[in-house]
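The values are calculated or read from the model by the stated rules, or taken from the named source; none is laboratory data. Remember, it's a predicted structure, so these values are computed and weren't measured experimentally. Note: ideal-geometry Cβ built from the backbone for every residue, glycine included; neighbour counts use all protein chains shown. Keep in mind that these areas ignore ligands, DNA and RNA; they rest on the heavy atoms of the full protein, side chains included. Shrake-Rupley method; radii C 1.70, N 1.55, O 1.52, S 1.80 Å.
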Amino acid sequence: MEKILLASRNPGKAAEFRALFAPFGAAILSLADFPGAPSPEETGASFEENAVIKAEAAQRFAGILSLADDSGLAVEALGGAPGVRSARFAGAGADDAANNRLLLEKLAGLPPERRRASFVCVLALASPAGRLRIFRGETHGRILSWPRGTGGFGYDPLFLSDDLGLTFAEAGSGAKGRVSHRGRAFAALAAELPACVGKAERL
Ligand code: IMP
């Protein structure tokens, strides 16, 4: 069975990818299985750059096919911010509440049509032969002026999905997953998996 290293220490993420890869006969390892693995700084200016930094660092360390993801929120009126800084928008170590508060402050007074936003998820797959494949998923909506819903995480309570007519915090995880940036990036990757799994040397 081909082993693929997920460049993350998050057990929730590893479980999601394990389920995605199971039908293709690939076993997902994570950085938790490689105690000495480096945690590279995410210094990229784009989701693509950061996903590649993480996938290549994992690949170099372990020498096997490695996968990394990077995601965040891009708000049109803020020129694409918070973007790659989504997790630390309100400062290093900021929690979701602080990030959401800052987002509402920055958009205060803007009408609905000026509150357009997208979530973006990029997956990078790095092969031992030095090749890279990139998969991108996006989902569109707008930022409300107040939170709605109790599910999800991050900016979900403020993000009104065009597809669902609900915030991602109001939608169940099934509905969110069908239209989300992560769901769409997963789907793009899944469509290519038969060509990737077991053929790492040719990627
Ligand atoms: P990462 O991909 O785990 O680094 O996530 C980056 C940050 O983007 C998270 O900490 C959240 O603030 C935000 N983010 C990414 N995906 C979502 C989502 O599905 N809902 C809400 N916030 C998200």
Residue that is nearest to Cys121 (Cα to Cα), among those in the stretch 14-35 that are out of contact with any helix residue (DSSP H, G or I) (no Cβ under 6 Å at 6 or more places or on another chain) and open to solvent by 60 Å² or more (accessible area, probe 1.4 Å): Glu16
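If only one of Gly154, Gly149, Gly141 is in contact (Cβ under 8 Å) with a residue 60 or more places away in the chain, within 13 Å of the ligand (Cβ to nearest atom) and in contact with a Leu (Cβ under 8 Å, 6 or more places away or on another chain), which one is it?
Gly154
Listed here are the residues, each with its yes/no results for (1) closer than 30 Å to Phe61 by Cβ; (2) touching a helix residue (DSSP H, G or I) at 6+ places or on another chain (Cβ under 7 Å).
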| residue | (1), (2) |
| --- | --- |
| Leu132 | yes, yes |
| Ile143 | no, yes |
| Gly154 | yes, yes |
| Gly174 | no, no |
| Arg182 | yes, no |
Within the stretch 1-91, strands (runs of 3 or more DSSP E) holding 3 or more residues that are under 30 Å from Leu144 (Cβ atoms): 66-75
Exclusive hit being of a type outside the set (Lys, Arg), more than 24 Å from Ala190 (Cα to Cα) and either in contact with an Asp or Glu (Cβ under 8 Å, 6 or more places away or on another chain) or part of a loop (DSSP other than H, G, I, E, B) (or both), set Glu170, Glu105, Glu113: Glu170
Residue that is farthest from the ligand (Cβ to nearest atom) [pool: residues in the stretch 53-103 that are surrounded by 22 or more Cβ atoms within 10 Å (Cβ to Cβ) and charged (D, E, K, R)]: Lys54
Residue within the stretch 159-176 that is modelled with pLDDT under 95, open to solvent by less than 70 Å² (accessible area, probe 1.4 Å) and within 13 Å of the ligand (Cβ to nearest atom) present: yes
The stretch 133-142 - residue that is closer than 11 Å to Glu48 by Cα and open to solvent by 60 Å² or more (accessible area, probe 1.4 Å) and, of those, nearest to the chain's Cα centre (by Cα): Arg136
Where Arg184 falls short, out of the listed (1) touching a Gly at 6+ places or on another chain (Cβ under 9 Å); (2) away from the ligand (no atom under 13 Å from the Cβ): (2)
Where Pro11 falls short, out of the listed (1) of a type outside the set (Val, Ile, Thr); (2) within 16 Å of the ligand (Cβ to nearest atom); (3) open to solvent by less than 50 Å² (accessible area, probe 1.4 Å): (3)
